[in-house]
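What follows is a single structure, written as structure tokens, with notes after it.
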Amino acid sequence: MEEIRTTPMFQGQADLFLSDYECEKTIVCPDEKMKTLSIKSLRVCRFCKKKFGEVTFQKEAHIFPVALGNEFLISNFECDTCNHKFGSYENDLCRYLGIERTFNRTPGRKNIPNFISDNIRATKESIFDQPGAIKIEPNNGQVIFGYDEATQSRTITYKKRPYSPINVYKAILKMALCCIDKSDVKSYDLAFKFLTTTELDGKFKPCYLFGYRVPGNYDVFATLYRKRHSSLKTMTHTFILYYGSFMLQIFLPFNTDDRNHYPHFQLPIMPPLFDGSGDEKWMPHYTIQDDVSSPEKRIDEEEVIRIKVDPEHLDKIVGIDPITREVVNRRAFPSEVSGLYLVDKDFKLPISLPKAD
Ligand SMILES: [Zn+2]
């Protein structure tokens, strides 16, 4: 029996999930260019079903977005027209992920993306002449920093840029439909129609994102699970995308084998994958259960990021004048923060701090 690495708290959920589903494949990005793609003149688009000649296959079609750090995992069955359409879904997915790509310093097509929205700016900056930090500051004079006594965390409350929820679902569905076996493509005719048109929007009821934000930092990869018996009242496939601190699970819609169970589906949720650090208090930051069936844009959606601070450390904080580089010995209050720099773990301040007593 396969296992899912999770903590005791989620073991029951893992058992339930595995009683319905077994892992069909894990999809990771290769480290170098793939060499086994078919010649272009033989290609057929899996999505619009058109052949080479009717459509072109000029562009490299990435299975996971380049914006999530996928450089080499590409397919030979996505035409340029469909590729262009899916690009707009991916934009909405990136907006849903908010500041995550900047925090993770995912390079994407060009550089690490800055993140600027209505109330926040997160940009690459040097600090003490060392490049590679991310500077976070309020935009338009709004208050974004706070301190939450209950969880002993610094908080950053920021607004995402507007996005269409159903396009977020479709961006992930596109990846999933790239990952299914060729022999399953026929059973998903309606799912392809749902993906490439707006005609079936609203027809698939559990059009939800499930999952977690975990205290981890995944390079993009995914897992595809298949239900163990066709009689189970779950959907044939469920797909889980991992990126940064996100685990995002969708159920694949409209498989012909699932028709008999409609609309009384059970939706077993994958438990959060434990990072294996041995920390008994390991917990996901929060659970995601989000109805993303609407094309209506979400505007100014807020997200709160919590950065845990050891209260003992709060007492030890000192100030450094960035110009004179002198250490100012006074307690700094979280409410006074006007900007934050995120730096690498091995970052060293180029000044000597007074010795602790
Ligand atoms: Zn196509």
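Values quoted throughout were computed directly from the atomic coordinates according to the rules given, and no laboratory measurement underlies them. Here the structure is a predicted model, which is why all the values come from computation and not from measurement. Virtual Cβ from ideal backbone geometry, glycine too; neighbours counted across all protein chains shown.
For Lys160, list the aspartates and glutamates whose Cα falls under 13 Å from its own Cα; do not include residues on the same chain fewer than 8 positions away. Once the sequence-local aspartates and glutamates are set aside, what remains near Lys160 is Asp92, Glu100, Asp118, Asp300, Glu301, Glu302, Glu303.
Ordering Ile320, Ile180 from the fewest to the most neighbouring beta carbons within 10 Å gives Ile320, Ile180.
Placing unit charges on the Cβ atoms of the charged side chains and taking the dipole of the range 1-55 about its Cα centre, the candidate lying farthest along the positive direction among Cys45, Cys23, Ile4 is Cys45.
If R0 is 22 Å, what FRET efficiency do you get for Thr81 and Lys205 from their C-beta distance, rounded to 0.05? Rounded to the nearest 0.05, the efficiency is 0.15.
Sort 146-153, 72-79 by packing, meaning the average of other beta carbons within 10 Å per residue, with the highest value first. Don't jump to the answer; show the numbers that get you there.
Details: 146-153: 12.2, 72-79: 19.5.
Final packing ranking: 72-79, 146-153.
Treat the count of other C-beta atoms within 10 Å as a stand-in for reagent exposure and order Asp31, Asp291 from fewest to most. Before the final figure, lay out each step's value.
Numbers: Asp31 7, Asp291 12.
The order, fewest Cβ neighbours first, is Asp31, Asp291.
For Lys308, the aspartates and glutamates whose Cα falls under 14 Å of its own Cα, not counting residues fewer than eight places away in the same chain, are Asp148, Glu149.
Under the Kirkwood approximation for Rh and a Cα-based Rg, what ratio Rg/Rh is obtained for the chain? It would help to have the intermediate numbers written out before the result.
Numbers: Rg = 22.9 Å, Rh = 22.7 Å.
The Rg/Rh ratio comes out at 1.01.
With a threshold of 18 Å on the Cα-Cα distance, the over-threshold entries among Lys85/Lys205; Lys25/Lys85; Lys40/Lys174; Lys124/Lys345; Lys50/Lys205; Lys51/Lys170 are Lys85/Lys205; Lys25/Lys85; Lys40/Lys174; Lys50/Lys205; Lys51/Lys170.
Between Glu326 and Ile299, the simple spin-label model (points 7 angstrom out along Cα→Cβ) gives 5.0 nm. Modelled spin-label separation between Lys186 and Ile317, with each label point placed 7 Å from Cα along the Cα-to-Cβ direction: 6.3 nm.
Long hydrophobic helices in the chain, taken as whole DSSP H segments with a C-alpha length of 18 Å or more on their own axis and mean Kyte-Doolittle hydropathy at least -0.5: 165-179.
Fewest-first ordering of Leu177, Leu37, Leu42 by other beta carbons within 10 Å of each residue's beta carbon gives Leu42, Leu37, Leu177. Placing unit charges on the Cβ atoms only, positive for Lys and Arg and negative for Asp and Glu, gives the chain a dipole magnitude near 1260 debye about its Cα centre.
If the viscosity is 1.306 mPa s and the temperature 10 °C, what Stokes-Einstein diffusion coefficient in µm²/s follows for the range 104-192 when Rh is the Kirkwood radius over Cα pairs? Can you show the working numbers first?
On the way: Rh = 17.0 Å.
The calculation lands on 94 µm²/s.
Estimated at 0.36 nm per residue, the fully extended path between Glu54 and Thr198 surpasses their Cα-Cα distance by 49.6 nm. Amide hydrogen proximity for Ile288: with H placed 1.01 Å from N in the peptide plane, the residues at 5 or more positions away or on another chain lying under 5 Å are Gly211, Tyr212, Arg213. In straight-distance terms, cross-link reach from Lys203 covers every one of the aspartates and glutamates whose alpha-carbon lies under 19 Å from its own, apart from those fewer than eight places away in the same chain; here that gives Asp189, Asp257, Asp258, Asp290, Asp291, Glu296.
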